[in-house]
1. What are the equivalent ellipsoid semi-axes of region 93-184, built from the alpha-carbon gyration tensor (square roots of five times its eigenvalues), in whole angstrom, biggest first?
2. Please list the non-local residues whose amide H lies under 5 Å from the amide H of residue 321, H modeled 1.01 Å from N, same-chain partners needing a gap of 5 or more.
3. Can you give me the Cα centroid spacing of region 104-155 and region 323-363 in angstrom?
4. Quick check: the angle from helix 343-356's long axis to the longest principal axis of the chain, C-alpha only, nearest 10 degrees?
5. Quick check: residue separation of residue 316 and residue 115 times 0.36 nm, minus the Cα distance between them. What number comes out in nm?
6. Quick one: the Cα spread of region 303-424 along its three principal axes, in angstroms, biggest first?
7. Once fully extended, how much extra length lies between residue 291 and residue 185, figured as 0.36 nm per residue of separation less the alpha-carbon to alpha-carbon distance?
8. At q = 0.18 Å⁻¹, what is the log10 ratio I(q)/I(0) for region 187-262, with the Debye formula run over Cα points and no solvent?
Amino acid sequence: MKKSKLMTALFAAVLFSASVFAAKPDKDIVILYTNDVHCGIDDNIGYAGLSLYKQEMLETTPYVTLVDAGDAIQGATIGMLSKGGYIITLMNQVGYDIAIPGNHEFDYGVEHFIELSKKLNCGYLSCNFTGKNGKFLLPAWKIITYGNTKVAYIGVTTPESLISSNPMNFLDKKGKQIYDFGGERLYELTQKAIDDVKKQGADYVILVAHLGEKCNMEEFSSINLIANTSGADALIDGHSHQVTPNLLVKNKDGKEIPVTQSGTKLKYIGKVVLSKDGNIYTDLTAEVPPKKGSSKDEKIEASINQIKAELSSTLDKKYGHCDFDMDALDENNKWYVRNRERNIANFITDAFKNAMKTDIAIINGGGIRANFKAGDITFNDILTVQPFNNKLYVYQIPGQTLLDELEFGVRKLPGMSGGIMHTAGLTYKVNSSIPSSVQTDGKGFFTGEVNGEYRVHDVLVNGEPLNVKKNYTVASISFFISDHGDGHLFKDVKTLSSQKPITDYEAVCNYLDILKGKVPETYRKPEGQGRLIIE
């Protein structure tokens, strides 16, 4: 297989670092994996390419398993319009053997996710997802036998799901939290699952996790999970969209364990090989070798085209045109919009402010999921940028609350946070050299306390200094304000009923209509327009 020099070098490093085991399979066991597909059914390699690659691997060994490490069913129009149903259908056709829920599997509600899990042929695994009275709602693990070798797969879902999916989805009708992901018991629950599969005779233990090497709460990272457990042989990761061919992390016993992650939207196919020579190899594949002149599985490609045809009459409608890019992500899918001002965020918040006629408009960085590229802007483009069907409301928010929430939103700078606040009608500066002193609880939610010097300063509302004793009208999505998305608190907030809510994407469609379908040159500059100035 053709590899870049970088990939070849990385692969060679993995070979050198591989651990040797007493139990050796009689043939190579190939574990193909995906993570954070986010409805990218035909992006990059695509599901059709993945299916063909799986077939090619089966020609080299009968032991091939396909794994998904979460966040497959949300992130684009095909997921939103079917509430994940189309993605489940395609995953069944491709033939997944193992899957775990990421935080975005819960975006359509927990009950809906449970129904989807019944439709996914392989089901979902999670050792730390519980419901009412602490009942585990999914199997913790699955053992697959390859000849005389048993391999256990254990699912681990990020506890950050409570804030990075809609927090309201995990509450009952009385507002009591009934769903949980283990929190401070994450290490304990994972270790129990490892011990349980060892008792069942597992020769290898593969953790399939949606944690990320880097995340908002360090204790929930894949690195710290490995460091605080023992007995796992490898960890397939997701959540942080990192491209990690191989990262060796010492476990609780000091043994080096490979952690691997394949980015997002099928730019790479991940591979873990449990070799018949007793070693573990990890690799990433960026291209699928053509077979009979094609690098796609024709049956899967036909299914994708059929789905797209069913949706095309709605999604292909043109709403406007832009002569320049408005990017939320760079060419490596790194989130510009989570640690700096971006023209796409300015455009969207202006649309919100225009639609709701408020003093201020706000959107969280994590609410912008794709780019507007130069050219025509279709309904599909708008829904891809804002795929969550969020409702836009008018809120009354005290000035002090706005100041505190701005501070919470920039706590990770210069690192990234989905909770960073992009604004219209409000500008602010951030001194990122000042250590963040915002206080959070054990689940990552803001307590409302700032116990030191503010990083945020020079906050202006429509050109006037922010008055911490004044109430302001703010247009924003319910996920972010009233549902406490990304861990925000927004205390002492009132929802104003005088303005009928619309969806976030409707606001953008309406704004393009007002602009007569042409995005003005004032948005051309990607950043530096003065709404969020980082010093």
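The values are calculated or read from the model by the stated rules, or taken from the named source; none is laboratory data. Because the structure is predicted, anything quoted here is derived from the model rather than measured. Cβ atoms come from the backbone with ideal geometry, glycine included; neighbour counts cover every protein chain shown. These area figures cover heavy atoms from the full protein model, side chains too; ligands, DNA and RNA do not enter into them. Shrake-Rupley method; radii C 1.70, N 1.55, O 1.52, S 1.80 Å.
1. Numbers: eigenvalues 138, 42, 23 Å².
That gives 26, 14, 11 Å for the three semi-axes.
2. Excluding prolines and chain starts, which carry no amide H, the hits are 377, 518, 519.
3. 36
4. 50
5. Full extension of this stretch gives 69.3 nm more.
6. 51, 34, 29
7. The span from residue 291 to residue 185 would gain 33.4 nm if fully extended.
8. Listed by q, the Debye log ratios stand at -0.65.
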